[in-house]
Amino acid sequence: MTWLETSTENCTVQRTLELVGEKWSLLVLRDAMNGVRRFDDFRRHMGLSEAVLADRLRKLVNAGILETVPYREPGSRTRHEYRLTPKGWDLWPAMVALKQWGDRYTADIEGPPLEVRHRDCGEVVEAVIVCEGGHGALTPRQAYTCPGAAARTAH
């Protein structure tokens, strides 16, 4: 079965984009991965409306990517922080890859505004595709796509 003969009805890329493929959802994830937890902090930092932010946070919570954790400041009512779940943190390599691409093709002439560095040695972190067989980093020409266990024929 070739790619064009394969149905995209159960495409995992499509399903992922339905959950996190919208601009504001990705920016919420970016901020959450950088320590933003509270609604007002997200709104202030990203500059979007309360309604849009509430919608994106609700969708990410419903998808199990973020979870709410109650907190209460003295003299105030109980509110909720938003924290990444393990499922949410599993998106970190994809976010690093998007940042890496943006740093290469869209950064200011001076360079990227932020860097991701290894906590132990201080070197810049990069996203790479590796072979599970131990062959190290791969280029696109060294890989291929083939039907998986759930592949279906296109109608």
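The values are calculated or read from the model by the stated rules, or taken from the named source; none is laboratory data. What you see is a predicted model, and the numbers here were worked out from it, not measured in a lab. Neighbour counts run over all protein chains shown; Cβ positions are idealised from the backbone, glycine included.
A few notes on this one:
- Residue pairs whose Cβ atoms lie under 9 Å apart, separated by 6 or more positions or on different chains, with the first residue in the range 15-36 and at negative phi and at pLDDT below 95 and the second surrounded by 12 or more Cβ atoms within 10 Å (Cβ to Cβ) and hydroxyl-bearing (Ser, Thr, Tyr), are Leu19/Ser25.
- Residue in the range 94-120 that is surrounded by the most Cβ atoms within 10 Å (Cβ to Cβ), counting only those that are small (Gly, Ala, Ser) and more than 15 Å from Met33 (Cβ to Cβ): Ala107
- Identity of the residue in the range 9-51, surrounded by fewer than 12 Cβ atoms within 10 Å (Cβ to Cβ) and of a type in the set (Ser, Thr, Tyr), that ends up farthest from the chain's Cα centre (by Cα): Ser49
- Conditions (1) free of Cβ contacts under 8 Å to residues at least 40 places away in the same chain; (2) part of a helix (DSSP H, G or I); (3) farther than 30 Å from Ala150 by Cα; (4) of a type in the set (A, V, I, L, M): number failed by Ala97: (3)
- Members of the range 19-33 found to be under 16 Å from Lys59 (Cβ atoms) and either part of a helix (DSSP H, G or I) or touching a strand residue (DSSP E or B) at 6+ places or on another chain (Cβ under 7 Å) (or both), listed by number: Leu19, Val20, Lys23, Trp24, Ser25, Leu26, Leu27, Val28, Leu29, Arg30, Asp31, Ala32
- When the range 50-68 is limited to residues that are free of Cβ contacts under 8 Å to residues at least 24 places away in the same chain and β-branched (Val, Ile, Thr), the one that is farthest from Met95 (Cα to Cα) turns out to be Thr68.
- Only one entry of Ala127, Ala150 meets the criterion of being closer than 30 Å to Thr6 by Cβ and surrounded by fewer than 11 Cβ atoms within 10 Å (Cβ to Cβ), and that entry is Ala150.
- Residue in the range 73-88 that is within 16 Å of Lys23 (Cα to Cα), hydrophobic (A, V, I, L, M, F, W, C) and surrounded by 12 or more Cβ atoms within 10 Å (Cβ to Cβ) present: no
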